[in-house]
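Trainee: Take this structure, written in C-alpha cells, and hold onto it; I'll ask about it next.
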Amino acid sequence: MQYVNSLLDLIGNTPLLKLSTSLGPELQVEKYGEPKGPLLLAKVEYLNPGGSVKDRIATRMIEAAEASGELQPGGTIVEPTSGNTGVGLAMVAQEKGYKCIFVCPDKVSEDKRNVLKAYGAEVVVCPTAVPPEHPDSYYNVSDRLASQPGAWKPNQYANPHNPRSHYETTGPEIWAQTEGKITHFVAGVGTGGTISGIGRYLKEQNPDIQVIGADPAGSVYSGGDGRPYLVEGVGEDFWPDTYDKSVADRIIEVSDADSFAFTRRLAREEALLVGGSAGMAAFAAKKLAIELAEEGRDDAVIVVLLPDSGRGYLTKVFSDSWLGQYGFATESNADAETTVGD
Ligand code: PMP
C-alpha cells in the first residue's frame, strides 16, 4: 500500500511544468516536442498540501523552534502573515498540537482569512494604511501578542530557517529536476526567503546561474519607496533580514496591471490557476525569455517559481468588477457590458 502517515510528508517535491501558450507569438513555444528557444519551466508550488510554497518554511521554522526550546508543548504560534505562511503554520501546528494566532493587513482577501479560520486558527486584522512603527501596524500588534507567556513568533522576515528551507529543499529539487541545466531562476520577492535560499544554493552549484527577482512597482527591491500596490505577498516597504542582497543579479519591476493580466492568461491559456504574485513572476520570466531569445540564447533554461493557487483570489484578480474598479483592463471586461434597447 502506498500512503504517508502525516500530511507533512507531502510537502515539497513539486513538479516543473513547461509554459507554452501563454508565451504568445513572441516566443512560439510548442506544447509538445523539443523547445527551439529558451525553455521556461514553472515550479508549481500550489501543489504543496497547504496550497503554497510557504508549507516549506513553516515546517522548517517550527522544527527549529522545537529543537531550540523556543516553542514548548501546548505553546501558541503568533505571526503577521498575508495568509500562506499562516496556512503552512496552521497545518504543521495542528499536526503537532499548537495553537495559532495570525495577524493580517486588511488588504488580504477575505477568502484567505477564512482559510486560516477553517484550520482552527484565530485571525486579527490590522489597517494597511499605517506605517510599520504605528501601534496598530500588523508588525506591532503581532509583537504584543507574541510577548504573552507560551507564545512564539516565527518571524518569517528575520528567521534564518525561512531561506534555509529553500536552500535545503526547493533549490536542490530545481537543480536535480533540470539535471543541472538551469541557467536562470526567477522568483517574486516578499520576505526574500525564496530567492535568497534557492538562489544561493543554485549559485553554489554553478556560479553562472543568473538569479532574477520580480517585484511590484513601488516596492523597495526595485527602488521604490514602498508606495502601495495591489499584488499580494510580494514587495516590501522595508528590507527584511531574510533577503540576501548579494544573491539577485537583477530585479525586474512589474506593474499591477501586467501582473494581473498575466495571472489571468496563465489560467486561460495554461489552465494554471495561480495567484497574482505568480502571474507577476511569470510575466518577468517571459520578459527575460524574450530578451534571451533576441540574444540567440536558445539554450537558456529558465525556472520561475509560482508560489500559490488562484483559489484565494477569485473575488480579486479573477473578478472583472474588482479589476475594473482599479481601472485595469481585462479580456472579458471588453464583452462583459452589453447595452440593450438602443
Ligand atoms: N507570493 C506569495 C503569494 C507569498 O505569500 C509570498 C510570501 N510573502 C511570496 C510570493 C514571496 O516569497 P518570499 O517571502 O519567500 O520572498
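Trainee: Taking Lys286, is it in a loop (DSSP other than H, G, I, E, B) and either crowded, with 20+ Cβ neighbours inside 10 Å or under 18 Å from the mean Cα position of the chain (by Cα) (or both)?
Mentor: Values: in a loop (DSSP other than H, G, I, E, B): no; either crowded, with 20+ Cβ neighbours inside 10 Å or under 18 Å from the mean Cα position of the chain (by Cα) (or both): yes.
So Lys286 does not fit the description; no.
Trainee: Any residue in the stretch 48-77 that is farther than 26 Å from Leu272 by Cα and within 16 Å of the ligand (Cβ to nearest atom) sitting within a Cβ distance under 8 Å of a residue that is assigned to a loop (DSSP other than H, G, I, E, B) and polar (S, T, N, Q)? List the pairs, counting only those 6 or more apart or interchain.
Mentor: Listed pairs, sorted by first residue: Met61/Gln156; Met61/Asn159.
Trainee: I'd like the residue in the stretch 11-70 that is modelled with pLDDT of 95 or more and acidic (Asp, Glu) and, out of all such residues, is surrounded by the fewest Cβ atoms within 10 Å (Cβ to Cβ).
Mentor: My answer is Glu70.
Trainee: Right, here's the next one. Write out, first by first residue and then by second, each pair whose Cβ atoms fall under 6 Å of each other, whose residues are 6+ apart or on separate chains, and whose first residue, in the stretch 244-273, is part of a loop (DSSP other than H, G, I, E, B) while the second is among the charged types (D, E, K, R).
Mentor: Val247/Arg200
Trainee: Next question. What number goes with the only condition from (1) surrounded by 14 or more Cβ atoms within 10 Å (Cβ to Cβ); (2) touching a helix residue (DSSP H, G or I) at 6+ places or on another chain (Cβ under 7 Å); (3) free of Cβ contacts under 8 Å to residues at least 40 places away in the same chain that Gly180 does not pass?
Mentor: Tallying (1) surrounded by 14 or more Cβ atoms within 10 Å (Cβ to Cβ); (2) touching a helix residue (DSSP H, G or I) at 6+ places or on another chain (Cβ under 7 Å); (3) free of Cβ contacts under 8 Å to residues at least 40 places away in the same chain, Gly180 fails exactly one: (1).
Trainee: Has the stretch 223-235 got at least one residue that is farther than 24 Å from Phe318 by Cα and modelled with pLDDT of 95 or more? Break it down stepwise before answering.
Mentor: Of all residues in the stretch 223-235, those farther than 24 Å from Phe318 by Cα come to 223-226.
With the extra rule that they be modelled with pLDDT of 95 or more, the set shrinks to none.
For the stretch 223-235, residues farther than 24 Å from Phe318 by Cα and modelled with pLDDT of 95 or more: absent.
Trainee: Find the residue count for the stretch 55-78, including only residues that are assigned to a strand (DSSP E or B) and aliphatic (A, V, I, L, M).
Mentor: Here the count works out to 2.
Trainee: Still on this model: Filter the stretch 181-196 for residues that are aliphatic (A, V, I, L, M) and not in a helix (DSSP H, G or I); which is nearest to the ligand (Cβ to nearest atom)? Explain how you work it out, then say what you get.
Mentor: Kept after step one, since they are aliphatic (A, V, I, L, M), are these residues of the stretch 181-196: 182, 186-187, 189, 195.
In the following step, the residues that additionally are not in a helix (DSSP H, G or I) were identified as 182, 186-187, 189.
Values: Ile182: 18, Val186: 12, Ala187: 7, Val189: 5 Å.
Filtering first and then ranking leaves Val189.
Trainee: Tell me yes or no: at least one residue of the stretch 210-230 is farther than 22 Å from Asn159 by Cβ, over 18 Å from the mean Cα position of the chain (by Cα) and among the polar types (S, T, N, Q).
Mentor: yes
Trainee: Can we say Asp136 is at pLDDT below 95, within 16 Å of the ligand (Cβ to nearest atom) and surrounded by fewer than 19 Cβ atoms within 10 Å (Cβ to Cβ)? Break it down stepwise before answering.
Mentor: Details: at pLDDT below 95: yes; within 16 Å of the ligand (Cβ to nearest atom): no; surrounded by fewer than 19 Cβ atoms within 10 Å (Cβ to Cβ): yes.
When the stated conditions are applied, Asp136 does not pass them.
Trainee: Could you identify the single residue in Arg250, Arg227, Arg268 that is more than 15 Å from the ligand (Cβ to nearest atom) and closer than 25 Å to Tyr46 by Cβ?
Mentor: Numbers: Arg250 fails: closer than 25 Å to Tyr46 by Cβ; Arg227 fails: closer than 25 Å to Tyr46 by Cβ.
Only one candidate qualifies: Arg268.
Trainee: Of all residues in the stretch 316-342, which are among the hydroxyl-bearing types (Ser, Thr, Tyr) and at pLDDT below 90? Full working, then the answer.
Mentor: As a first pass, look at the stretch 316-342 and keep what is among the hydroxyl-bearing types (Ser, Thr, Tyr): 319, 321, 326, 330, 332, 338-339.
Thr330, Ser332, Thr338, Thr339, listed by residue number.
Trainee: Would a scan of the stretch 318-326 turn up a residue that is touching a residue at least 12 places away in the same chain (Cβ under 8 Å), part of a helix (DSSP H, G or I) and within 16 Å of the ligand (Cβ to nearest atom)?
Mentor: Checked the stretch 318-326: no residue is touching a residue at least 12 places away in the same chain (Cβ under 8 Å), part of a helix (DSSP H, G or I) and within 16 Å of the ligand (Cβ to nearest atom).
Trainee: Does Val29 fit the bill of being part of a loop (DSSP other than H, G, I, E, B) and touching a Pro at 6+ places or on another chain (Cβ under 7 Å)?
Mentor: So Val29 passes the test.
Trainee: How about the stretch 121-146: which of its residues are assigned to a loop (DSSP other than H, G, I, E, B) and either of a type in the set (Ser, Thr, Tyr) or touching a residue at least 60 places away in the same chain (Cβ under 8 Å) (or both)? So that I can check it myself, show each step before the final result.
Mentor: Of the residues in the stretch 121-146, the ones assigned to a loop (DSSP other than H, G, I, E, B) are 121, 127-137.
Result: Thr128, Pro132, Ser137.
Trainee: Does Pro149 fit the bill of being out of contact with any Gly (no Cβ under 6 Å at 6 or more places or on another chain) and either free of Cβ contacts under 8 Å to residues at least 24 places away in the same chain or at positive phi (or both)? Show your work before the answer.
Mentor: Details: out of contact with any Gly (no Cβ under 6 Å at 6 or more places or on another chain): yes; either free of Cβ contacts under 8 Å to residues at least 24 places away in the same chain or at positive phi (or both): yes.
Yes; evaluated as a whole, the condition is true for this residue.
Trainee: Taking Lys181, is it modelled with pLDDT of 95 or more and closer than 25 Å to Val254 by Cα?
Mentor: Values: modelled with pLDDT of 95 or more: yes; closer than 25 Å to Val254 by Cα: no.
In short, no.
To keep it simple, each residue is scored yes or no on (1) away from the ligand (no atom under 12 Å from the Cβ); (2) over 21 Å from Gly12 (Cα atoms); (3) surrounded by fewer than 24 Cβ atoms within 10 Å (Cβ to Cβ).
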residue	(1), (2), (3)
Gln148	yes, yes, yes
Ser165	no, no, no
Trp175	yes, no, yes
Ala214	no, yes, no
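The values are calculated or read from the model by the stated rules, or taken from the named source; none is laboratory data. Because the structure is a prediction, the values reported are computed rather than measured. Note: ideal-geometry Cβ built from the backbone for every residue, glycine included; neighbour counts use all protein chains shown.
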